[in-house]
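The values are calculated or read from the model by the stated rules, or taken from the named source; none is laboratory data. Note that the structure is a prediction, hence the values are computed from the model and not measured. For neighbour counting, all protein chains shown are included, and Cβ atoms are generated from backbone atoms with ideal geometry for every residue, glycine included.
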Amino acid sequence: MIVLGIESTCDETAAALVRDGRQLLSNVIATSVQEQALYGGVVPEIASRRHCEAISATVKKALADAQMTMEDVDAVAVTFAPGLIGAVLVGVNFAKGLAYSAGKPLVPVHHLRGHIAALYLTHPELEPPFLCLVASGGHSHIVQVEGYTHYKILGHTVDDAAGEAFDKVARTLGLSYPGGPSVAAAAKTGDPKAYRLPVPHVEGKYNVSFSGLKTAVLNEVNQAQMKGLPVNVPDLAASFQERIAGILAEKLLLAAADTGAKQVCLAGGVAANGRLRQLVNDGAQKLGAQVYLPQLKFCGDNGAMIAAQGYYQYMAGHTAGLELNGLPTLPIDYE
Ligand code: KG4
Ligand code: ZN
């Protein structure tokens, strides 16, 4: 079964064709990230406009790259939640029109379920149940993936998402947006032990909190400025990365040990972080669990992950009519 996946929840307009939820046939991404970087973050109105301009050509190219037409497509999957609502609606409306005109089923996909499904594209042998940390610009969850469409949230952030913390710290350090890659690049030449950043206390065994950590970085910068001292950006970036990756890995591995998870995974934009990948790899091996990490090209937002999850949603009978609406928020374990 061939599924066309369409994604437009943030600043990537993306479309892809995937066979049977696992085999990538094409993957096209148009991004407005360079333009958003001028403003230090995503401007929702700009994102929506760029989606409108790019979506038709992006879907056409995804079909062309796979040497297919809509005749070959069996279902149209689209991210309907959560995300910037003006951006989400561009994809949802385009998918509705396309599915209707081509006479194909329409499959609504939850964005974070899509991030998790990126693992199926990288690891053909991976099947639920597994434990997964999903960390992106808007969400940080430790999720037990019980089945292809069944999830149990074990922990979550009580304030900022991990990616959001990277983005805010990057801005404080004068580094470019998006913050994850620029903090990681700066950290390469820094000493992770140079700054003593706090370990946040948070209620809930598997919950995380990053707002105090973000403020601690800001305080270091402010104090240095008041004293007329320079800030060592690589050292502060490395210390921050070490702390946040350490917290995420520790909570995931704690949940893995407690639940006796045999398979431990990362997903979402922050899953591209090299230090986090290393810590999870090392820790899970000690637990005797198998680690699955998404290929770097599937960590950030893409259409392939939506097509992959779309296949499993379709198989579970989750299709929608033309009344489908986009939603700015929706828990991953919605029924
Ligand atoms: O999943 P994603 O592409 O979009 C959302 O659903 O939000 O995640 C984007 C987030 C951004 O906050 C970005 O700074 C972060 O992922 N990110 C990283 C890295 N690459 C992207 N964070 C840490 N290390 C990275 N290498
Ligand atoms: Zn995402």
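Data for the structure
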{"read-out": "Residue match in region 86-107 (condition: buried (at least 20 other Cβ atoms within 10 Å of the Cβ) and closer than 23 Å to V208 by Cα)", "value": "no"}
{"read-out": "Subset tally (residues that are surrounded by fewer than 20 Cβ atoms within 10 Å (Cβ to Cβ) and either assigned to a helix (DSSP H, G or I) or of a type in the set (F, W, Y) (or both)) for region 217-229", "value": "8"}
{"read-out": "Neighbours by Cβ (under 7 Å, 6+ apart or cross-chain): first from region 56-67, in the same structural domain as N27 (by TED's automatic domain parsing); second loosely packed, with under 14 Cβ neighbours inside 10 Å and among the polar types (S, T, N, Q)", "value": "L63/T69"}
{"read-out": "Whichever residue in region 295-331 is charged (D, E, K, R) and surrounded by fewer than 24 Cβ atoms within 10 Å (Cβ to Cβ) and, among such residues, is nearest to ligand 1 (Cβ to nearest atom)", "value": "K297"}
{"read-out": "Residue in region 173-196 that is nearest to ligand 1 (Cβ to nearest atom), counting only those that are closer than 18 Å to G212 by Cβ and surrounded by 21 or more Cβ atoms within 10 Å (Cβ to Cβ)", "value": "G179"}
{"read-out": "Condition met for G269 (more than 22 Å from V199 (Cβ to Cβ) and without any contact (Cβ under 8 Å) to a residue 12 or more places away in the chain)", "value": "no"}
{"read-out": "Output for region 176-190, where each listed residue is part of a loop (DSSP other than H, G, I, E, B) and small (G, A, S)", "value": "S176, G190"}
{"read-out": "Segments classed as strands (runs of 3 or more DSSP E), wholly inside region 94-162, with at least 3 members that are within 16 Å of ligand 1 (Cβ to nearest atom) and farther than 25 Å from L25 by Cα", "value": "130-135, 140-147"}
{"read-out": "Failed condition for H141, given (1) touching a strand residue (DSSP E or B) at 6+ places or on another chain (Cβ under 7 Å); (2) crowded, with 22+ Cβ neighbours inside 10 Å; (3) over 25 Å from P181 (Cα atoms)", "value": "(3)"}
{"read-out": "Residue in region 254-268 that is in contact with a Cys (Cβ under 6 Å, 6 or more places away or on another chain) and within 14 Å of ligand 1 (Cβ to nearest atom) present", "value": "yes"}
{"read-out": "When residues of region 75-93 are limited to those that are over 17 Å from the mean Cα position of the chain (by Cα) and not in a helix (DSSP H, G or I), the one nearest to I6 (Cα to Cα)", "value": "A77"}
{"read-out": "H123, sole failed condition from (1) touching a strand residue (DSSP E or B) at 6+ places or on another chain (Cβ under 8 Å); (2) without any contact (Cβ under 8 Å) to a residue 24 or more places away in the chain", "value": "(2)"}
{"read-out": "Lone qualifier among L276, L236, L248 - being outside the structural domain of L98 (by TED's automatic domain parsing), buried (at least 24 other Cβ atoms within 10 Å of the Cβ), touching a residue at least 12 places away in the same chain (Cβ under 8 Å) and away from ligand 1 (no atom under 15 Å from the Cβ)", "value": "L236"}
{"read-out": "Residues of region 39-54 that turn out to be more than 16 Å from ligand 1 (Cβ to nearest atom) and either farther than 22 Å from F80 by Cβ or surrounded by 20 or more Cβ atoms within 10 Å (Cβ to Cβ) (or both), as a count", "value": "1"}
{"read-out": "Which listed residue, of V202, V169, is among the β-branched types (V, I, T) and part of a helix (DSSP H, G or I)", "value": "V169"}
{"read-out": "Members of region 1-31 that are of a type in the set (G, A, S) and crowded, with 24+ Cβ neighbours inside 10 Å", "value": "G5, S8, A14, A15, A16"}
{"read-out": "Test result for Y39, in a loop (DSSP other than H, G, I, E, B), of a type in the set (S, T, Y) and out of contact with any Pro (no Cβ under 8 Å at 6 or more places or on another chain)", "value": "yes"}
{"read-out": "Every pair of residues 6+ apart whose Cβ atoms lie under 6 Å, when the first sits in region 137-148 and is in contact (Cβ under 8 Å) with a residue 12 or more places away in the chain while the second is part of a loop (DSSP other than H, G, I, E, B) and within 16 Å of ligand 1 (Cβ to nearest atom)", "value": "G138/A161; H139/A161; S140/A161"}
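Listed here are the residues, each with its yes/no results for (1) charged (D, E, K, R); (2) over 18 Å from V143 (Cα atoms); (3) more than 16 Å from ligand 2 (Cβ to nearest atom); (4) part of a strand (DSSP E or B).
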position	(1), (2), (3), (4)
V231	no, yes, yes, no
Q241	no, yes, yes, no
D258	yes, no, yes, no
V264	no, no, yes, yes
K286	yes, yes, yes, no
V291	no, no, yes, yes
M305	no, no, no, no
A308	no, yes, no, no
